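Q: My structure is below; once you've seen it, I'll send some questions.
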Amino acid sequence: MHKNLKNISFKDLIISEDEDYTLVNKPPFIASLDDRAEIKNLLGLAKKEFEEYQICHRLDKETSGIVVFAKNPEAYRNFAMQLENREVKKIYHAVIHGLHKFEDFEADEPLHTTSTKSRVDFHSGKAAFTLLGTLEHFKKHSLIKCFPVTGRMHQIRAHLAYHQAPIVNDPAYGGKEAFLSELKRNYNHKKWEEENPMINRVALHSSQVAFKGLNGKVIEGEAEYPKDFSVLIKLLRKFN
């Protein structure tokens, strides 16, 4: 368990809620569901507040951002049907290596998924679609938005890796750590101390979600960047 999560409560994470759904901003380093290595997980925190909560989708442990919870079985089924029909809109932000100009770019390479990883496979892969758009360029990196139309495991990470644009600090998909010394001129680093990367996890954040509630009206929410992602962006801008 990350030291900053020891005393966290579900109420601290709530973005908005109504009678059917609660939208929360998941911190990095906490599992969405039960993880045998973890005492705390997001669903467990939710059920301490309201036993009927069901988590509608999940994020990888290191990924931060918006997660939807249903308060009753009907609400859960409503979201699940929209997810299956690709009607839930989810927008992610990622910091990637390199200067990439994505303008409504569609990554449509099929993905073959194992229990731990996905990879592009044009022979036995399943259909996968991710729309990409560049938000900002820095000296050696880009901030992009990603809209996964399909929901394959690690879809965004695998598609970006295939297009030579891996996410910062995502070693499983070719993303290296990002250091301030690579950007700042005359960086003064003490020889006997190891330099820490600007972010200690995969630089991926689930920023927005939109779907229809039981009454047919659109429910949407936006999750602010957590501190580590926000600091990364500030440093990249400062030394651009």
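Let's see how each residue does on (1) modelled with pLDDT of 95 or more; (2) under 26 Å from VAL168 (Cα atoms):
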{"position": "ARG36", "(1), (2)": "no, no"}
{"position": "ILE39", "(1), (2)": "no, no"}
{"position": "LYS48", "(1), (2)": "no, no"}
{"position": "THR63", "(1), (2)": "yes, yes"}
{"position": "PRO73", "(1), (2)": "yes, no"}
{"position": "TYR76", "(1), (2)": "yes, no"}
{"position": "PHE79", "(1), (2)": "yes, no"}
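Q: If a residue must be over 19 Å from the mean Cα position of the chain (by Cα) and part of a loop (DSSP other than H, G, I, E, B), how many such residues does the range 86-114 contain?
A: Within the range 86-114, residues that are over 19 Å from the mean Cα position of the chain (by Cα) and part of a loop (DSSP other than H, G, I, E, B) number 10.
Q: Applying the selection to the range 12-29, what residues are touching a strand residue (DSSP E or B) at 6+ places or on another chain (Cβ under 7 Å), more than 14 Å from SER207 (Cα to Cα) and assigned to a loop (DSSP other than H, G, I, E, B)?
A: Answer for the range 12-29, where residues must be touching a strand residue (DSSP E or B) at 6+ places or on another chain (Cβ under 7 Å), more than 14 Å from SER207 (Cα to Cα) and assigned to a loop (DSSP other than H, G, I, E, B): just ASP20.
Q: Moving to a separate point now. With the structure loaded, tell me whether GLY98 is in contact with a strand residue (DSSP E or B) (Cβ under 7 Å, 6 or more places away or on another chain), surrounded by fewer than 20 Cβ atoms within 10 Å (Cβ to Cβ), touching a residue at least 60 places away in the same chain (Cβ under 8 Å) and not aromatic (Phe, Trp, Tyr) or whether it fails that test.
A: Taking the combined requirement at face value, the residue satisfies it.
Q: Also, quick follow-up: Considering the range 124-142 alone, what residues qualify as being in a strand (DSSP E or B), under 30 Å from PHE239 (Cα atoms) and not polar (S, T, N, Q)?
A: If the condition is that a residue be in a strand (DSSP E or B), under 30 Å from PHE239 (Cα atoms) and not polar (S, T, N, Q), then LEU131, LEU132, GLY133, LEU135, GLU136, HIS137, HIS141 are the ones that fit.
Q: Still on this structure, I have one more. So, of the residues in the range 72-88 that are touching a residue at least 60 places away in the same chain (Cβ under 8 Å) and polar (S, T, N, Q), which turns out to be farthest from ALA210 (Cα to Cα)?
A: The selected residue is ASN78.
Q: Also, quick follow-up: Across the range 67-85, which residue is surrounded by the most Cβ atoms within 10 Å (Cβ to Cβ) among those that are closer than 24 Å to LEU132 by Cα and under 18 Å from the mean Cα position of the chain (by Cα)?
A: VAL67
Q: Could you tell me whether GLY175 is more than 14 Å from the chain's Cα centre (by Cα), under 29 Å from LEU83 (Cα atoms), assigned to a loop (DSSP other than H, G, I, E, B) and without any contact (Cβ under 8 Å) to a residue 12 or more places away in the chain?
A: So GLY175 does not fit the description; no.
Q: Oh, and also: Could you list, in sequence order, all residues of the range 30-49 that are in contact (Cβ under 8 Å) with a residue 24 or more places away in the chain and either assigned to a loop (DSSP other than H, G, I, E, B) or under 16 Å from the mean Cα position of the chain (by Cα) (or both)?
A: ILE30, ALA31, SER32, LEU33, ASP35, GLU38, ILE39, LYS40, LEU42
Q: Also, quick follow-up: So, of the residues in the range 150-192 that are of a type in the set (Lys, Arg) and more than 14 Å from ARG119 (Cβ to Cβ), which turns out to be surrounded by the fewest Cβ atoms within 10 Å (Cβ to Cβ)?
A: Once the filter is applied, the top-ranked residue is LYS191.
Q: Among the numbered criteria (1) assigned to a loop (DSSP other than H, G, I, E, B); (2) at pLDDT 95 or above; (3) under 14 Å from the mean Cα position of the chain (by Cα), which single criterion is violated by GLY151?
A: Tallying (1) assigned to a loop (DSSP other than H, G, I, E, B); (2) at pLDDT 95 or above; (3) under 14 Å from the mean Cα position of the chain (by Cα), GLY151 fails exactly one: (2).
Q: On the basis of being in contact (Cβ under 8 Å) with a residue 40 or more places away in the chain, surrounded by 14 or more Cβ atoms within 10 Å (Cβ to Cβ), out of contact with any Phe, Trp or Tyr (no Cβ under 9 Å at 6 or more places or on another chain) and within 19 Å of VAL88 (Cα to Cα), does ALA210 make the cut?
A: The answer is yes for ALA210.
The values are calculated or read from the model by the stated rules, or taken from the named source; none is laboratory data. Keep in mind the model is a prediction, meaning the values are calculated, not measured. Don't worry about glycine lacking a Cβ; one is built from the backbone with ideal geometry, like all the others, and counts go over all protein chains shown.
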